[in-house]
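Notes to accompany the following structure.
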Amino acid sequence: MEIIASAPGKTILFGEHAVVYGEPAIAGAVNKRATIRLKEASDVSIFKSNDLGFEAELDTVAKRYRLKKGKPGIIKYILEILHKCHDHSPIELDLSLDIPIGSGLGSSAAVTVATLAALFKYQRKKFNKSFIAKKAHEIENNVQGVASPLDTRVSTFGGLIYLSKDKKISKFDTNLKSSFVIGYTSKRGNTGRMVKSVKSLKNRNPMVVNPIIKTIGKITDEAKIAIIKKQEFKLGELMNINQGLLDSLGVNTNELSRMVYLARKAGASGSKITGAGGGGSIIACCPRNQDRVFKALSYHDNAIKVNFSNRGVFVKEIR
Ligand SMILES: Nc1ncnc2c1ncn2[C@@H]1O[C@H](COP(=O)(O)OP(=O)(O)O)[C@@H](O)[C@H]1O
Ligand SMILES: C[C@@](O)(CCOP(=O)(O)O)CC(=O)O
Ligand SMILES: [Mg+2]
């Protein structure tokens, strides 16, 4: 018997970093996914991924792994899951990932959500999406030190969602499908590190940084209205303001800035970092010039035309 579970990555339209301090955020699941195949193993637990080029043996009691091949940074999430949610009987996990890793597109959340879904199914446990989202958030929190529930919720439920201050999610039913382009370089960011650096900036300068975080929350609420009213030019303008504030939090880089301005020059109504920054990706709102923006970003970097995916996590059993 083999279990297959799949969960999407995501892009944050508004509110990254501020969401860690309880502000609202808007994010959408994208058509790039993490897929886990899980089956019983004979001896020790194994975690491998052809896409990432690694293979490791896991000692989930000692929370250690022995690396046979590759660079398995993302293994921390799997180890934490096996340590917290599994009885240590040997299993084999195989990860396929078409989400670029460390690019602000939520590979860590997608891997966490897909692994939990596969494991719960394997264990014949009763679970629903809310339970997966809750557990996945706990895992990201433990591994990263701090994490908002945003990435794990989007990956679990799919769709384009608004996460409110009181942590409730609502799905937008509007179709903004063809208006966004993501650009990413090969320079990776590290979410845990970026979240910590914003936290220490905030601790050193609370009187300045707290209002910035609150203003990002206000931008998100304005953006919610703009999405509902389909005001995509307004949405772009709000993205540009959000970008200025992310820059002030210290998460911008030369490469991200270059892509942000390139997208605007090519006709985007707005563009900003998406995800934690410090490397990774930008997102551009393109009500009219999606092809031009896509071409401009693809010239030096990688670009994706965003297709929001309504499909969150799913799991199936193959006999
Ligand atoms: N080549 C790699 N192989 C496996 N894991 C990696 C690799 N590069 C980075 N990682 C790890 O993948 C994780 C990416 O998660 P994160 O920083 O949250 O970015 P994102 O979720 O946006 O992709 C980090 O834990 C990082 O250590
Ligand atoms: C910076 C943050 O708001 C989003 C991080 O997204 P990503 O891991 O870079 O895809 C952190 C969080 O919400 O936990
Ligand atoms: Mg992540």
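Miscellaneous remarks
- Measuring nothing but how far apart in sequence close Cα pairs (under 8 Å, 6+ apart) lie, relative to its length, the stretch 7-127 scores a relative contact order of 31 percent.
- Residue among PRO100, PRO206, PRO24 with the largest mean-square fluctuation in a Gaussian network model of the chain, springs linking Cα atoms under 10 Å: PRO206
- Structure note, pairs LYS135/LYS165; LYS10/LYS63; LYS167/LYS295; LYS71/LYS316: Cα-Cα distances above 26 angstrom occur for LYS10/LYS63; LYS167/LYS295; LYS71/LYS316.
- In degrees, nearest ten, helix 254-265 long axis to first principal axis of the chain (Cα): 50 degrees
- Peptides 245-251, 30-36, 313-319 ranked from most to least packed by the mean count of surrounding Cβ atoms within 10 Å: 30-36, 245-251, 313-319.
- Inter-site label distance for ARG311 and SER170 at 7 Å from Cα along Cβ, in nm: 2.8 nm
- By other beta-carbon atoms within 10 Å, ranking ASP221, ASP151 with the fewest at the front produces ASP221, ASP151.
- Rounded to the nearest 10 degrees, the inclination of helix 107-122 to the longest alpha-carbon principal axis of the chain is 30 degrees.
- The residues neighbouring LYS125, those whose beta-carbon lies less than 12 Å from its own, together hold a net charge of +3 under the Lys/Arg +1, Asp/Glu -1 convention.
- Between 0 and 90°, nearest 10: helix 290-300 axis offset from the chain longest Cα axis: 70 degrees
- Calculated FRET efficiency for the pair ASN31/HIS88, C-beta based, R₀ 30 Å, to 0.05: 0.25
- On the basis of the beta-carbon distance and an R0 of 30 Å, LYS134 and ASP51 show a calculated FRET efficiency of 0.60.
Values in this text are rule-based calculations from the coordinates and carry no lab data. Please read all numbers here as calculations on a predicted model, not as lab measurements. Cβ sites come from the backbone with ideal geometry, for glycine too, and all protein chains shown count toward neighbours.
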